[in-house]
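The values are calculated or read from the model by the stated rules, or taken from the named source; none is laboratory data. Model, not experiment: these values are computed from the prediction. Neighbour counts are summed over all protein chains in view; Cβ atoms, including those assigned to glycine, are modelled from backbone coordinates with ideal geometry. Remember, those area values only see protein heavy atoms, side chains included, never the ligands or the DNA or RNA. Shrake-Rupley method; radii C 1.70, N 1.55, O 1.52, S 1.80 Å.
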Amino acid sequence: MSLIEITEVRKRFGENEVLKGINLDVEPGEVIAIIGKSGSGKSTLLRCINGLETIDDGSISVAGAQLLPDELHLRALRLKVGMIFQGFNLFPHLSAGRNVMLSPMVVKKVSAREAEVEARARLEQVGLGHKFDAYPDQLSGGQQQRVAIARALAMKPLALLCDEITSALDPELVNEVLNVVGKLADEGMTLLMVTHEMRFAREVCDRVVFMHLGRVHEIGPPEEVFAHPKTPELQQFLGMT
Amino acid sequence: MITFSTWDIVSNLLLAARWTVLLSLVAFAGGGIVGLMLLYARISRAAALRRAASVYIELFQGTPLLMQLFLAFFGLPLLGVEVSPWLAAGVTLTLWTAAFLAEIWRGCVEAIPKGQWEASSSLAMSFFEQLRHVILPQAMRIAVPPTVGFSVQVVKGTALTSIIGFVELTKAATIITNATFEPFTVYGFAALIYFILCWPLSKSSQILERKLNVAHRNH
């Protein structure tokens, strides 16, 4: 059974249908890059998977947890899949360590001591063990994004959704974040990432999904998608025509 | 004819001012509690609750405080509920304060970036957990200056309760005037006492605003 099952998903914003029947199954441990022009629906698709957007039709499930619009089901779903955002969205009133500790303590009722041990381990994992007591505004963008990754990991998700997580970073900070994500991929984390980092997608991902006008336009292993794009839209997107 | 020294006037006004202070505190504390409940309703996910809270707020913001006092003081006895001026004043001011505080605080909650809701949602927090741990701690910082600023309105609002016979600063001033025939002196002192109560509040609101703004730091 696939870890993430996306079946005939449709999503409308008013008159505008942004997802026009998406089908995508993600296996455990798979790393998938979603590429496409802005407005192609790639971020919306990602946001549907953990219920930040409702869907109008079709179904999404992660490890058996169905996407349904009530709080109980959403909570069950979100316990299985974490998300990292373009804008980091760290909690500015909490230190890095507290950011990581908060959700395990509040949602999973883990004791403060246990949560702290876990938080230190996760910050260590993203190379920020020494920043436990730093506040978000004392960290660089790259460091903030790595704290956000640690925060998501502390909930022990089965999969991570990454929504253009390097797009808001200065160029010299992109790699420190990508390195962390690459390491996660090596360790077998299931990753679904919307990205503009084509080189990263080519090197790290198992499959690349090209979205166009609300549909999965082309899908395949990176060698194939990048070297031999079949459709003119993908060729154009990759700058080959 | 009895003569009144300035000290007689001032001391009596000061005694009455205790009631102004007490009524202000009651209205502000009670209004804070009711206002917090209204805030929850106002931003809740249940549409009926949101609607009810917004009707309440619009009613209290859209009618003069004086009318609300009259309705409480003269209206309730028609329903067979006897109310003292003290009770009518306390309840009305509490409800009135709650409506304004809830609306001020709603603005503060809405000023928190959407990403904070999304991040806490994606970490599986429930609505109340998000509010309690992520949104309100940040919103409270923004809320402090306007909340303190509004407390000035509450203090001045208590003056209206003199009309339903609650003996606070303004009512006392009227009584003293009737005995001394020195309205300018008496009301002058009364106004001065109001100013002494309110000025530190508005000043501290300004200082807090500057502090919380300049210290962009969130800790």
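Listing for the model above:
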item	result
At least 30 Å² accessible surface lost relative to isolated chain, residues of the stretch A:45-94 (1.4 Å probe)	A:Arg47, A:Leu52, A:Glu71, A:Arg75, A:Arg78, A:Phe85, A:Asn89, A:Phe91, A:Pro92, A:His93
Surface share of carbon and sulfur [accessible, 1.4 angstrom probe, percent] for chain B	72 percent
Span from the the stretch B:48-102 Cα centroid across to the the stretch B:1-40 one, whole angstrom	19 Å
Rounded percent of accessible protein surface that carbon and sulfur make up, the stretch A:41-144, 1.4 Å probe	50 percent
Amide H contacts under 5 Å for A:Val216, placed H, 5+ residues apart	A:Asn23
Residues listed by number, the stretch B:55-83, amide nitrogen under 14 Å from B:Thr174 label point at 7 Å toward C-beta	B:66-67, B:69-70
Binned Cα-Cα distances of the protein assembly as shown, short to long, each 10 Å bin given as a whole percent	4, 17, 22, 18, 13, 11, 8, 5, 2, 1, 0
Per residue, in Å², the accessible surface of the stretch B:1-150 once ligands and nucleic acids are set aside, probe 1.4 Å	49 Å²
Amide H contacts under 5 Å for A:Ile35, placed H, 5+ residues apart	A:Val209, A:Phe210, A:Met211
Along chain B, longest interval not containing exposed trypsin sites (Lys or Arg not before Pro), exposed being DSSP loop plus at most 16 other Cβ atoms within 10 Å	B:46-216
Choice from B:Phe100, B:Phe166, B:Phe128 with maximal GNM fluctuation in chain B (Cα, 10 Å cutoff)	B:Phe128
Chains A and B together, accessible area buried on both sides, 1.4 angstrom probe, square angstrom	2100 Å²
Chain B: angle of helix B:136-157 to the longest principal axis, Cα-based, in degrees nearest 10	20 degrees
Average other protein chain Cβ within 10 Å of Cβ, residues A:100-110	3
Helix-derived mean residue ellipticity, 222 nm - over chain B, DSSP H n ≥ 4, -39500 (n - 2.57), to 500	-25500 deg cm²/dmol
Where the stretch A:64-165 is the region considered: accessible area per residue in Å², 1.4 Å probe	39 Å²
CD proxy at 222 nm, helix term only [per DSSP H run n ≥ 4: -39500 (n - 2.57); per residue of chain A; nearest 500]	-11000 deg cm²/dmol
Isotropic mean projected area of the C-alpha convex hull, the stretch A:110-208 (nm²)	6.6 nm²
Gap separating the Cα centres of the stretch A:43-72 and the stretch A:186-213, nearest whole Å	20 Å
Linear extension gain, A:Leu72 paired with A:Asn23, 0.36 nm per residue minus alpha-carbon span	15.1 nm
Calculated FRET value between A:Glu124 and B:Val81, using beta carbons and R₀ = 41 Å, to 0.05	0.05
Using alpha-carbon coordinates, inclination of helix B:169-180 to the longest axis of chain B, degrees	10 degrees
Counting DSSP beta bridges with both ends in the protein assembly as shown, the antiparallel % (nearest 5)	55 percent
Compactness of the stretch A:27-103 as Cα Rg over 2.2 N^0.38 Å, two decimals	1.26
